Amino acid sequence: MILDETKILKVSPDLSGEGDVEKLQFAAEIIKKGGLVAFPTETVYGLGANALDEKAVASIFTAKGRAQDNPLIVHVADRGDIDKYAFADGNGKADILRKQMPAPLTVILPKRDIIPFTVTAGLGNVAMRVPQNVVARKLIELSGLPISAPSANLSGKPSPTKAWHVIADMNGRADVIIDGGDCAVGLESTVISLCYDIPRLLRPGGFTYEKLCELLGKVEISDAVLEQLKEGQKPESPGMKYKHYAPETSVILVKGSMFKVREFLSGKCEDEKCGIICFDEDTDARCDRILVMGSRKNEQEYAEKMFDALRSTDLLSGIDTVYAVLPETTDGISLAIYNRMLRAAAFNIIEL
Ligand code: AMP
Ligand code: MG
C-alpha cells in the first residue's frame, strides 16, 4: 500500500453521479504511483496495479497471498491496445476474438518484452482482456496504463462479486476500493489460450465454449476444467492447481433431476446444521439456510449469485455442511458453474 489507510470510493455503475470521474481520476493517480486499486468489472472485482511496474505488480501477490507462480491477466481499455503488449496482429484467431471485445473473455498470446515476467510468473505468454464494465474501462483509460488485476479476494476464498466482499478481504491491503455495485456476470472471465495449434479453453466463464466453437471451429477443453489434477500433473494454467473458491463451511455438491433432488433435500431442509444452495424448483421450504439461485431454466442467475452464496454460507450460524445443487448439464454457462463449484467442494459430489 502507498496510502496509510484504504479509501473506499462509491461511484454509480454508469458514472452518472456527481464527482464520479474525479474519484476515478484519484484512483488512476494511485495506479500511476504504484499503488493498488480494487475496481468492479462485469465478471468479478479486480485488484489492479500498473502492469509495467514490477514492484506494484509484486504487491498484488502480497496483498492477496497469491502464489508467485500464478500469472495475472492484463486489462486494457481498447482492443486496439492488445498488440502493444502481446503479439496479436496478423494472428487470424486473435483477430476473430478481438472483434468480440470488450467481453468477459481473456486471450493468452505470446508476450512482448514490455510486460515484465512478474506479471506472467515467468511465462513467455500473457493473458489479455478488455473489460466491458464502464467503471473499469474509464479507470484504465485515465491511468493511461495497462492494469494487471486478479480477482480482489484473498487467495482461495470465493471471488468477490459485491463491494462488501472486497471490503471484507482487502480493507487495509488495497489503497483504494471503488464500489461500483454488483458484478453482472458474477464469474471470472473465460480464459482461452491461442498458444497451441488448436485453441484451448483453460477456464470456462461468461463467454461460452459453444460461442468460441462457433467463432473458431475446433476448441479443446483442458482436462483440468472438470477434473482434478493428478499428482505431479503439470497444469496448462498455473492457477488450476490451487485450492479455490472455498468457504470455511464444507460444501457437498448434489446432482440429479428435479424429482430426485426434491426427495434428497426433503430430509435436509429441516436439519439446522445444513445449509442449502439450490434452484427454486428444488424445494418449497424457505428459510435463511436455504439460498435459492433462481430457476432451473435460467442458469445465468445461478452464475451471478454463486460466489455470494458461497461467502454467505460462512455467515449462517451453526451450519457445518452446505449441500449445493448443480445444474443438470454442463451446457453453456453451466460449464463454468461446474468448474467453480467442483473446486469450492474439493470435488466432493453426490450423484443421485
Ligand atoms: P484470476 O486469479 O482470477 O485473475 O485468474 C487468472 C487465471 O488466468 C489464473 O487461473 C491464471 O493461472 C490464468 N493465467 C493468467 N495468465 C496466464 C498465462 N500467461 N498462461 C496461462 N494461464 C494464465
Ligand atoms: Mg481469482
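The values are calculated or read from the model by the stated rules, or taken from the named source; none is laboratory data. All figures in this text were calculated on a predicted structure; none of them were measured in a lab. When we count neighbours, we look across all protein chains shown, and the Cβ atoms used for this are built from the backbone with ideal geometry, even at glycine. Just so you know, the surface numbers come from the protein's heavy atoms only, side chains and all, with ligands and any DNA or RNA stripped out. Shrake-Rupley method; radii C 1.70, N 1.55, O 1.52, S 1.80 Å.
Looking for something out of contact with any Pro (no Cβ under 7 Å at 6 or more places or on another chain), modelled with pLDDT of 95 or more and among the basic types (Lys, Arg) - is there at least one such residue anywhere in region 244-259? Yes. When you look at GLU270, is it in a loop (DSSP other than H, G, I, E, B) and in contact with a Ser or Thr (Cβ under 8 Å, 6 or more places away or on another chain), yes or no? Against the criterion (in a loop (DSSP other than H, G, I, E, B) and in contact with a Ser or Thr (Cβ under 8 Å, 6 or more places away or on another chain)), GLU270 does not qualify. Within region 204-221, the residues that satisfy the criterion of being at pLDDT 95 or above, crowded, with 21+ Cβ neighbours inside 10 Å and under 25 Å from SER155 (Cα atoms) are PRO204, GLY205, PHE207.
Applying the condition of being part of a strand (DSSP E or B) and under 19 Å from the mean Cα position of the chain (by Cα) to region 199-221 and asking which residue is nearest to LYS64 (Cα to Cα) yields ARG203. Here ALA324 meets each of (1) at pLDDT below 95; (2) of a type outside the set (Phe, Trp, Tyr); (3) open to solvent by less than 10 Å² (accessible area, probe 1.4 Å); (4) touching a Gly at 6+ places or on another chain (Cβ under 9 Å) with one exception, condition (1). Looking at SER237, SER266, just one residue is of a type in the set (Gly, Ala, Ser) and closer than 16 Å to LEU105 by Cβ, and that residue is SER237. Of all residues in region 282-333, those satisfying the criterion of being basic (Lys, Arg) and over 19 Å from ALA168 (Cβ atoms) are ARG286, ARG289, ARG296, LYS297.
In summary, GLU281 fulfils each of the numbered conditions (1) under 22 Å from HIS244 (Cβ atoms); (2) free of Cβ contacts under 8 Å to residues at least 60 places away in the same chain; (3) surrounded by fewer than 21 Cβ atoms within 10 Å (Cβ to Cβ) with the single exception of condition (1). The residue that is nearest to LEU105 (Cα to Cα), among those in region 222-234 that are outside any loop (DSSP other than H, G, I, E, B) and open to solvent by less than 70 Å² (accessible area, probe 1.4 Å), is VAL225. Can you tell me which condition LYS234 does not meet? The list is (1) at pLDDT 95 or above; (2) more than 17 Å from MET306 (Cα to Cα), and all the others hold. In the conditions (1) at pLDDT 95 or above; (2) more than 17 Å from MET306 (Cα to Cα), LYS234 misses (1) alone.
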